[in-house]
Amino acid sequence: MKTLNKDFPLLLIILVCLSGCAKPPWGGQPGEEMLKESQQLLEQALDKTQNCYKSWQADINLHWDTPVNKRKLSGYIRVLEPSTFKFISYNPLGQPLLAIASNGKKFQILNVYEKQFIHGSTKSYALRHNIDSYFISGQWAYWISGKLPEKLRQNVSYLTDKKERGIWVTSKNQSKIESTSYYLIDRGSLDVKEMHLYN
């Protein structure tokens, strides 16, 4: 078990683009020489993540804005790859206010604010709330920690970065819902700096 006592800046950086018309930050296909460099970069980044723990816990601060309001939550998260997690937000007395748990297929939510307990399948929750089911039942452990999925070794393509921060690696989702993931890998640190998801 690894404990992280810091916020996850990647969580704020992840740009999940399910629709919209913003210009993508990636460019075109790399040349032959850069393609070889990109393949080596991906292998090095994947090798680096092999030394990471599969399960970890951390204190986390979440911030998000909507057209209606701004929200923020602080709490504790425990994660087991690829998509099992538990998040609990406490009040100053240490009493839970909100608890969310999911294994990617099923979920449970305890909302003390609204005196409500909800549970069921993530797929049905996604349908009821008009959320892309690949997003809601995706590999949250990888997304939150900024790790690359092991399956990324297969069926990938490469794109240049318009700001020359690194190389973009793209992978098509092989499930029933067609989507494409884009990962920006930093050349120096081999970390994932941005992640985009398009359906």
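The values are calculated or read from the model by the stated rules, or taken from the named source; none is laboratory data. A quick note: this is a predicted structure, and the numbers were derived from the prediction, not measured. Don't worry about glycine lacking a Cβ; one is built from the backbone with ideal geometry, like all the others, and counts go over all protein chains shown. Ligands, DNA and RNA are excluded from the accessible area calculation, which covers all protein heavy atoms including side chains. Shrake-Rupley method; radii C 1.70, N 1.55, O 1.52, S 1.80 Å.
Some observations on this one:
- Pairs from the table (LYS70/LYS105; LYS72/LYS163; LYS86/LYS123) lying more than 27 angstrom apart at Cα are LYS70/LYS105; LYS72/LYS163.
- Surface accessible to a 1.4 Å probe, PHE85 within the full protein complex, Å²: 40 Å²
- HN-Hα J in Hz across the stretch 25-40 - Karplus 6.51, -1.76, 1.60, θ = phi - 60°, x for Gly and Pro: x, 9, x, x, 5, x, x, 4, 5, 5, 5, 5, 4, 5, 5, 5
- Measuring r between the beta carbons of LYS36 and ASN173 and using R0 = 22 Å, the FRET efficiency lands at 0.25.
- Ordered from largest to smallest accessible area (heavy atoms of protein chains, 1.4 Å probe), the residues TRP26, TRP140 come out as TRP140, TRP26.
- Whole-angstrom Cα spans of the stretch 43-154 along principal axes, big to small: 47, 34, 27
- Taking every Cα-Cα distance in the stretch 24-79 and sorting them into 10 Å bins starting at zero, the pair-distance distribution P(r) comes out as 16, 22, 25, 28, 10 percent.
- The alpha-carbon atoms of the stretch 68-127, seen along their principal axes, cover 32, 27, 22 angstrom, with the largest extent given first.
- Measuring how big the stretch 97-145 is from its alpha-carbon positions, Rg and Dmax come out at 11.4, 31 Å.
- Mean separation of Cα contacts under 8 Å, 6 or more apart, over the residue count of the stretch 85-199: relative contact order %: 13 percent
- The gain in end-to-end length when the LYS70 to ASP186 segment is fully stretched comes to 38.7 nm, 0.36 nm per residue minus the alpha carbon separation.
- Accessible surface, per residue, of the stretch 103-199 when the full set of protein chains is kept, probe 1.4 Å, Å²: 58 Å²
- D (Stokes-Einstein, µm²/s), Kirkwood Cα radius, the stretch 101-180, 1.306 mPa s at 10 °C: 105 µm²/s
- Relative intensity, log₁₀ I(q)/I(0), of the stretch 139-199 from a Debye sum that treats every alpha carbon as a point, q = 0.13, 0.18 Å⁻¹: -0.32, -0.62
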